[in-house]
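Participant: Take this structure first; my questions come after.
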Amino acid sequence: MARRTPSLAQRVGLDARKGRTSPAKRVSVRGEYQQHGVEGYYRDLGTGYQNPHETRIRAALFLALERHPVAPSANVLDLCCGSGEITLALREKGFRHVEGADPFTREAYERRTGATPLPIDFVQLSDGALAERSYDLVVCSYALHLVPTSRLPGVIWQLSRSAPRLFVLSPHKRPRLRTEWGFSLIETLLCERVHVRVYQRPPITR
Ligand SMILES: C[S@@+](CC[C@H](N)C(=O)[O-])C[C@H]1O[C@@H](n2cnc3c(N)ncnc32)[C@H](O)[C@@H]1O
């Protein structure tokens, strides 16, 4: 009898309906990235995605907002929005205009936030897909290190044309952004093992 090949979701023990990983079957996400590529991983698992570190991500975001206040009326882009980890935290703080962007997690984001994300990937972003849009803040959580190195300057430059401020949340210090790409580092925070780097766009000179 022919055996069915288990899906990637089954192999990493992730229940796509609940977005949870069973400890017995858990394998390293980094290993899966290496084997299937980042896009292949999220294409298969994006529907059930939920960040297991959501509580500390929320705490780190709140610390950044305390130190660098942003009015709740601000327009915010939740870049690589996953299932809405940042969007939901911002709503909790009274933010009303938060837009998600992610090419792979539409269902997960819709299910938890009731909103539809922009289906923009890193290539489209660096090609100017956000050029007509304007935000007061971009938040990118646990995702900027996934941008291929060659694309990173273009992605950051385009973001800096659309928003004066960028918060990058990450479990580590990568990636390092260069000022000439469009944002200057203002402060680095560490909260419950989440690194938050706060960037500001230097005044645009014409
Ligand atoms: C680790 S998750 C982080 C999600 C969420 N921001 C969080 O804090 O949990 C990485 C996100 O990057 C997105 N992503 C992966 N490859 C991408 C690409 N090529 N372009 C845009 N987003 C991508 C995935 O769909 C996923 O939602």
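Participant: Condition test on L159, is it buried (at least 21 other Cβ atoms within 10 Å of the Cβ), more than 11 Å from the ligand (Cβ to nearest atom) and farther than 20 Å from R30 by Cβ?
Facilitator: So L159 passes the test.
Participant: Tell me the residue from D102, D136 that is near the ligand (Cβ under 8 Å from one of its atoms) and not aromatic (F, W, Y), please.
Facilitator: The match here is D102.
Participant: Filter region 83-117 down to residues that are among the aliphatic types (A, V, I, L, M) and more than 17 Å from V147 (Cα to Cα) and give me whichever is surrounded by the fewest Cβ atoms within 10 Å (Cβ to Cβ). Let's see the steps before the verdict.
Facilitator: Filtering region 83-117 down to residues among the aliphatic types (A, V, I, L, M) leaves 86, 88-90, 98, 101, 108, 115.
The next check asks that each one be more than 17 Å from V147 (Cα to Cα); those that pass are 86, 88-90, 98, 108, 115.
Values: I86: 28, L88: 17, A89: 23, L90: 25, V98: 23, A108: 23, A115: 15.
Among them, the one singled out is A115.
Participant: Is one or more of the residues making up region 127-146 crowded, with 19+ Cβ neighbours inside 10 Å, over 27 Å from F62 (Cβ atoms) and hydroxyl-bearing (S, T, Y)?
Facilitator: Taking every residue of region 127-146 in turn, none turns out to be crowded, with 19+ Cβ neighbours inside 10 Å, over 27 Å from F62 (Cβ atoms) and hydroxyl-bearing (S, T, Y).
Participant: Considering only residues that are surrounded by fewer than 17 Cβ atoms within 10 Å (Cβ to Cβ), of a type outside the set (A, V, I, L, M) and touching a Lys or Arg at 6+ places or on another chain (Cβ under 8 Å), which ones fall in region 176-190?
Facilitator: S184, E187, T188
Participant: Here's another thing I want to ask about it. Could you tell me whether region 164-175 includes any residue that is surrounded by fewer than 17 Cβ atoms within 10 Å (Cβ to Cβ), at pLDDT below 95 and under 23 Å from A71 (Cβ atoms)?
Facilitator: For region 164-175, residues surrounded by fewer than 17 Cβ atoms within 10 Å (Cβ to Cβ), at pLDDT below 95 and under 23 Å from A71 (Cβ atoms): absent.
Participant: Only residues that are within 8 Å of the ligand (Cβ to nearest atom), modelled with pLDDT of 95 or more and in a helix (DSSP H, G or I): list them for region 43-78, please.
Facilitator: If the condition is that a residue be within 8 Å of the ligand (Cβ to nearest atom), modelled with pLDDT of 95 or more and in a helix (DSSP H, G or I), then E54, I57 are the ones that fit.
The values are calculated or read from the model by the stated rules, or taken from the named source; none is laboratory data. These numbers were taken from a predicted model, which means no experiment stands behind them. For neighbour counting, all protein chains shown are included, and Cβ atoms are generated from backbone atoms with ideal geometry for every residue, glycine included.
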